[in-house]
Amino acid sequence: MSWLGKIRRVGPMVEPAPAAPEVTLPPPTGITGSLQLRHVDAGSCNGCELEISGAFSPVYDAERFGARLVASPRHADALLATGVVTHNMYQPLLNTLHALPEPRIVIAVGDCACNGGVFTKGYGVVGPVGDVVPVDVEVPGCPPTPQEIITALRKVTGR
Amino acid sequence: MTTAVLTSPIVPVPGPGPRTDGRLTGEATLSGGLTALIGALGLALGLSVVFGGARHLRIGWLLPLVGVSFDLDPLGGVFIAATGAVSIAVGIYAIGYAKREHWARFPMVTLPLFVTGMLLVPAAGSVTTFLLAWELMAGASLVLVLTEHRRDAVRSAGAFYAIMTQLGFVAILIALVVLSAAGGDTFSAIATHAADITPGTRTAVFVLTLLGFGSKAGLLPLHAWLPRAHPEAPSPVSALMSAAMVNMGIFGIIRIDLQLLGPGPHWWGLTLMIFGAISAVFGVLQASVATDLKQLLAYSTTENMGLVTLALGAAALLSSSGAPAVAAIAMTAALLHLLSHSAFKTLAFLGAGSVLSATGLRDLDKLGGLARRMPATTVLFGIGALGASGLPLGAGFASEWLLFQSLIHSPHGANTVLALAMPLSVGAVALTSGLGILAMVKAFGVGFLARPRSAGAEAAREAPASMLAGMTLAAAACMVFAVAPVLLGPTLAHVLAVLPTLGGSAEGPRLGTILRLPGVDGSISPGVIAGALIIAVLTSVILARWGVRHRPPAVVTPLWACGADALSSRMQYTATSFAEPLQRVFDDVLRPDTDVEVTHFAESQYLIEKVTYQTRLDDPVEQRFYVPVVRAVTAWAQYVRRAHNGSIHLYLSYGALGMLIVLLVAR
């Protein structure tokens, strides 16, 4: 049973939780600590995706603050959009938003999603996420660190 | 069983919709009505024999030298009653079906004849009568299989069926001739002389009858006619063949091998169990991957007959191992499963017939969306599919439960054979039940629910009243098996009483409102389960209705298509894709022949113009066993052909030679 001993020796690996940020947006369903997220890559370079997967990894563990990634927008309270909106992803992004039950919020992660970033004048670009769907929370950074993403999520989950 | 995404061969079947001429509508009513009437008489006769005791009838003048003799006992009675009940439903259904499909006069005449033949087989009291009735049944069914003989597939299936059924008959003929040489012509004489028959003769008769009756019951490896003849025959005929005719194979095994010759040695029961288990597992595997609705049902028949044979074998083995109480449970399971199979398979084949006549399609990959277009047929087929899946509220539940109980509770102790055979059988039956659910979910879910996958399914219309009436009768029978097997209890007890070597000497399971098993711990109540489920469903519906008042009004949003614009019917599960994981798991058994062809654009091999996927599932048993046999027979036939050179002189000399031999021998 050496693995049990190893677990005991190593102890918890997760980063200690920093102090909770001030809640800026009430949770969409009114229940704190329960934010189901559907992620849509609207045209990202995948930098933000790496950081999001880092944020939900065991080290940063966003789920302990009540945020969770889900597979279907039907299960979600919020849309987590990354990247500048390209022509190809314009309609799917709208379809996904409409598939979310109300009340819902939209969280834009990364500079591209917030203001277009380095791709602003690209030929295949519609614009930042805010031009296509109403954005409630913005997480700046290219890419934002997992800690920044978690802080933004905690402002919604209230934990 | 060919499937292709881009180039799919459509099974050529009669198109939907009535053609305008209605010349034979009177004949259709007469034929169907007569079939139902004969069936009703059969049902009444069968029940009167089961409850009133045995009857004998001998008509000396009907057949030269031996006469025709009938010997009705509760065992034959229950088969007569089952055949009669199936015939009532099929007869009523056939009125509408024959009109809609414009049957010719010949099949209409043959249909009542076929039913009569089937009713005479269990009534036969002597070897001669039995063989005569058997041939009437086989011949009439062949004529009916060939109803739509203008299609190549039907002619090929008919030839296959004719050869297999006649080879089976030859095996039965030899076996019964050997038996009657040892014991006499009538079954009662054989029964009295049973003790004098030598073990060698017994073994020969057992092996030959197992081959002959096994091929009629669709047991492996002699099942190959079933998945060919059942889909190509008109659906009422498929229903009669699958729900009543295959029963005669089981009847033959019980009557000749287990009742007249029994109790046999240990290996008889073991052989039956092995054949039954292999048939059940193989049949259900093929049913799970089949894409043709009627072929799926045909393989499901092999599966269910396998289960019945397994239960028979278990009863024989347990009885000869000194466990008559458990043997009685196994025998009850066999009989109950046989009867419930008749009910749900009649319903399923009639439902498939309604679908076929409304859409012109049997291919599940092209069906779908029938729940909106044919609601009554959908509900009725659903009852049948539930029965076939062996779940609670389904017709097959009580019998499969009994079979499990008998296998689990077999007292083995020091008996190595039992200790090995029973757990393995439990595994086989469990695998069969699980895959059976998958096959039926596929048949119902892909075939009837979701959106139509072709124009034929889109244009479907509900079946006419007489077809629905026939199906409703079968559905009512299914419901009896599902929630009130108590009604079958007295019948099965009477049958069990005439089978002392199959557990009839012990007290059988009590099929009351609660099924109780004497001697083992086990009881269940399908009726109470059904009642509890209905109450639970009603409660949740009422609670949901009550809760709706406190919720905001519903919002209609577009369906979620993973970000794409709209859902199309091509995004749905098909029968092929539904069974694909299973096909992958059982790759070595099913041996699918998959062919993926990728066409690139001329400009670059990185751009794909189209992908053609084709998978073909041939019956592996057929490929392994039948092809070599057919090849060998063809090779031998080439030698024999040299003797037929067309010279009339040669033929005359053959005749003279034959005459000479006869004169010498008969001297």
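The values are calculated or read from the model by the stated rules, or taken from the named source; none is laboratory data. As the structure is a prediction and not an experimental result, all values here were calculated from the model. All Cβ positions, glycine included, derive from the backbone under ideal geometry; neighbour counts span all protein chains shown.
Yes/no per residue for (1) under 23 Å from B:Ala224 (Cβ atoms); (2) within 14 Å of chain A (Cβ to nearest Cβ); (3) assigned to a strand (DSSP E or B):
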{"residue": "B:Trp560", "(1), (2), (3)": "no, yes, no"}
{"residue": "B:Ala564", "(1), (2), (3)": "no, yes, no"}
{"residue": "B:Phe578", "(1), (2), (3)": "no, no, no"}
{"residue": "B:Thr594", "(1), (2), (3)": "yes, no, yes"}
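May I ask you to verify whether B:Leu310 is part of a helix (DSSP H, G or I), out of contact with any strand residue (DSSP E or B) (no Cβ under 8 Å at 6 or more places or on another chain) and on the phi < 0 side of the Ramachandran plot? Talk me through it step by step, then tell me what you get.
Details: part of a helix (DSSP H, G or I): yes; out of contact with any strand residue (DSSP E or B) (no Cβ under 8 Å at 6 or more places or on another chain): yes; on the phi < 0 side of the Ramachandran plot: yes.
Yes; evaluated as a whole, the condition is true for this residue.
State the number of residues belonging to the range A:73-104 that are small (Gly, Ala, Ser), touching a helix residue (DSSP H, G or I) at 6+ places or on another chain (Cβ under 8 Å) and within 14 Å of chain B (Cβ to nearest Cβ).
Here the count works out to 2.
Please go through the range B:338-372 and pick out each residue that is touching a Phe, Trp or Tyr at 6+ places or on another chain (Cβ under 9 Å), of a type in the set (A, V, I, L, M, F, W, C) and outside any helix (DSSP H, G or I).
Of everything in the range B:338-372, just one residue is touching a Phe, Trp or Tyr at 6+ places or on another chain (Cβ under 9 Å), of a type in the set (A, V, I, L, M, F, W, C) and outside any helix (DSSP H, G or I), namely B:Leu367.
Can you tell me which of (1) surrounded by fewer than 20 Cβ atoms within 10 Å (Cβ to Cβ); (2) in a helix (DSSP H, G or I) is the one B:Ala388 doesn't meet?
So the condition that B:Ala388 fails would be (1).
Which residue out of B:Thr309, B:Thr201, B:Thr209, B:Thr271 is more than 30 Å from B:Val109 (Cβ to Cβ) and free of Cβ contacts under 8 Å to residues at least 24 places away in the same chain?
On the way: B:Thr309 fails: free of Cβ contacts under 8 Å to residues at least 24 places away in the same chain; B:Thr209 fails: free of Cβ contacts under 8 Å to residues at least 24 places away in the same chain; B:Thr271 fails: free of Cβ contacts under 8 Å to residues at least 24 places away in the same chain.
Just a single option satisfies the conditions, and that option is B:Thr201.
Which of (1) farther than 30 Å from A:Leu93 by Cα; (2) touching a residue at least 60 places away in the same chain (Cβ under 8 Å); (3) surrounded by fewer than 10 Cβ atoms within 10 Å (Cβ to Cβ); (4) not aliphatic (A, V, I, L, M) is the odd one out, the single condition B:Trp546 does not satisfy?
That leaves (2) as the condition not met.
When you go through (1) touching a Phe, Trp or Tyr at 6+ places or on another chain (Cβ under 8 Å); (2) within 14 Å of another protein chain (Cβ to nearest Cβ) one by one for B:Leu607, which number turns out not to apply?
(2)
Pick from B:Gln583, B:Gln623, B:Gln605: which is surrounded by 13 or more Cβ atoms within 10 Å (Cβ to Cβ), of a type outside the set (A, V, I, L, M, F, W, C) and either in a helix (DSSP H, G or I) or out of contact with any Leu (no Cβ under 6 Å at 6 or more places or on another chain) (or both)? Lay out the reasoning, then the answer.
Values: B:Gln623 fails: surrounded by 13 or more Cβ atoms within 10 Å (Cβ to Cβ); B:Gln605 fails: surrounded by 13 or more Cβ atoms within 10 Å (Cβ to Cβ).
Testing whether each residue is surrounded by 13 or more Cβ atoms within 10 Å (Cβ to Cβ), of a type outside the set (A, V, I, L, M, F, W, C) and either in a helix (DSSP H, G or I) or out of contact with any Leu (no Cβ under 6 Å at 6 or more places or on another chain) (or both) leaves just B:Gln583.
Out of the range A:77-134, which residues are part of a helix (DSSP H, G or I), of a type in the set (Asp, Glu) and in contact (Cβ under 8 Å) with a residue 40 or more places away in the chain? Before the answer, list the steps.
From the range A:77-134, those part of a helix (DSSP H, G or I) are A:87-99, A:111-115, A:117-119, A:129-132; that's our starting set.
From the residues that got through so far, the ones that are of a type in the set (Asp, Glu) too are A:111, A:131.
The one that is part of a helix (DSSP H, G or I), of a type in the set (Asp, Glu) and in contact (Cβ under 8 Å) with a residue 40 or more places away in the chain: A:Asp131.
If only one of B:Ile278, B:Ile274 is surrounded by fewer than 24 Cβ atoms within 10 Å (Cβ to Cβ) and either over 17 Å from the mean Cα position of the chain (by Cα) or aromatic (Phe, Trp, Tyr) (or both), which one is it?
On the way: B:Ile278 fails: either over 17 Å from the mean Cα position of the chain (by Cα) or aromatic (Phe, Trp, Tyr) (or both).
When all the criteria are applied, what remains is B:Ile274.
May I ask you to list the residues in the range A:20-72 that are surrounded by fewer than 17 Cβ atoms within 10 Å (Cβ to Cβ), aliphatic (A, V, I, L, M), in contact (Cβ under 8 Å) with a residue 40 or more places away in the chain and outside any helix (DSSP H, G or I)?
A:Ala20, A:Val23, A:Leu25, A:Val59
So, B:Leu136, is that one over 29 Å from B:Met467 (Cα atoms) and in a helix (DSSP H, G or I) or not? Don't jump to the end; show me each part of the working.
Numbers: over 29 Å from B:Met467 (Cα atoms): no; in a helix (DSSP H, G or I): yes.
No: the conditions fail for B:Leu136.
Among the candidates B:Leu335, B:Leu296, which residue alone is buried (at least 24 other Cβ atoms within 10 Å of the Cβ) and closer than 23 Å to B:Val585 by Cβ? Can you show your working first?
On the way: B:Leu335 fails: closer than 23 Å to B:Val585 by Cβ.
Residue meeting the stated conditions: B:Leu296.
Filter the helices (runs of 4 or more DSSP H) completely within the range B:463-554 down to those with at least 3 residues that are modelled with pLDDT of 85 or more. Reasoning before the result, please.
Numbers: elements: B:465-483, B:489-497, B:526-548.
Fully inside the range B:463-554 and qualifying: B:465-483, B:526-548.
Conditions tested, residue by residue: (1) surrounded by fewer than 24 Cβ atoms within 10 Å (Cβ to Cβ); (2) at pLDDT 85 or above.
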{"position": "B:Thr186", "(1), (2)": "yes, no"}
{"position": "B:Ile197", "(1), (2)": "yes, no"}
{"position": "B:Ala204", "(1), (2)": "yes, yes"}
{"position": "B:Leu210", "(1), (2)": "no, yes"}
{"position": "B:Gly214", "(1), (2)": "no, yes"}
{"position": "B:Ala217", "(1), (2)": "no, yes"}
{"position": "B:Val246", "(1), (2)": "no, yes"}
{"position": "B:Gly252", "(1), (2)": "no, yes"}
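Out of A:Val70, A:Val40, which single residue is within 14 Å of another protein chain (Cβ to nearest Cβ), under 20 Å from A:Val132 (Cα atoms) and β-branched (Val, Ile, Thr)?
Values: A:Val70 fails: under 20 Å from A:Val132 (Cα atoms).
Result of the check over A:Val70, A:Val40: A:Val40.
Looking for whichever is assigned to a helix (DSSP H, G or I), in contact with a Ser or Thr (Cβ under 6 Å, 6 or more places away or on another chain) and at pLDDT below 85 here; the options are B:Ala457, B:Ala439. Which one fits?
Details: B:Ala439 fails: at pLDDT below 85.
Of the residues listed, the single one that is assigned to a helix (DSSP H, G or I), in contact with a Ser or Thr (Cβ under 6 Å, 6 or more places away or on another chain) and at pLDDT below 85 is B:Ala457.
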